[in-house]
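Accompanying notes for the structure given below.
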Amino acid sequence: MTKQEKTQVIEELLENFNNNSYFYVTDASGMSVAQINDFRRLCYKRGVKYSVVKNSLVKKALEQLETDYSPFNEAVLKGFTGILFSPESSNIPAKIIKEYRKQAGIEKPLLKGASIDTDLFIGENQLDALSSLKSKTELIADVIALLQSPAKNVVSSLQSGQHLLAGIVKTLSERE
């Protein structure tokens, strides 16, 4: 790889890091080419970009960002590295990894680390926690549901009270 090609890859990585608040670093060593292609297809269907990059180039790109990614240098950026970039949701890459493992019946790709809005998660043991995180749209929907709940309760109480009141009036009118 020439110096110009390396510079171009670093620039592409920087653009991806800046445009995506969520990225996951995986280890897909030991997977066949067909398995990696299947994994890429699954990522593509879900709107997630997957690319395999040299660790040294990832380190150089991360060094140019404002956030401190030095913990990644020691624990994450070793061996075979693939990066999943998710523009919209923090939990989709984790769900993709779990779904692919279940489909393929293998324990790869492994989660080496993730960055969710500059918060770092390191290690395979973080996968379940990351997959259960709610996305921004899910959180907004929960807030809207909470805001609508009291209004719905008032309306349903008024509607049920209307029938109750009508029943009382009817009963009183029948007594006379």
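Looking across the range 103-119 at every residue that is farther than 17 Å from Ile36 by Cβ and charged (D, E, K, R), the one that is farthest from the chain's Cα centre (by Cα) is identified as Asp119.
Which of the residues belonging to the range 1-33 are loosely packed, with under 12 Cβ neighbours inside 10 Å and within 22 Å of Lys95 (Cβ to Cβ)? Hit for the range 1-33 is Asn19, nothing else.
The conditions are (1) buried (at least 16 other Cβ atoms within 10 Å of the Cβ); (2) in contact with a strand residue (DSSP E or B) (Cβ under 7 Å, 6 or more places away or on another chain), and Val52 fails exactly one of them. Which is it? For Val52, the exception is condition (1). Condition check for Thr2 on (1) under 27 Å from Glu138 (Cβ atoms); (2) without any contact (Cβ under 8 Å) to a residue 12 or more places away in the chain: one failure, at (1).
The residue that is modelled with the highest pLDDT, counting only those in the range 124-152 that are in contact with a strand residue (DSSP E or B) (Cβ under 7 Å, 6 or more places away or on another chain) and under 26 Å from Ala34 (Cα atoms), is Glu124.
The values are calculated or read from the model by the stated rules, or taken from the named source; none is laboratory data. In this text, all values refer to a predicted model and were calculated from it rather than measured experimentally. Cβ sites come from the backbone with ideal geometry, for glycine too, and all protein chains shown count toward neighbours.
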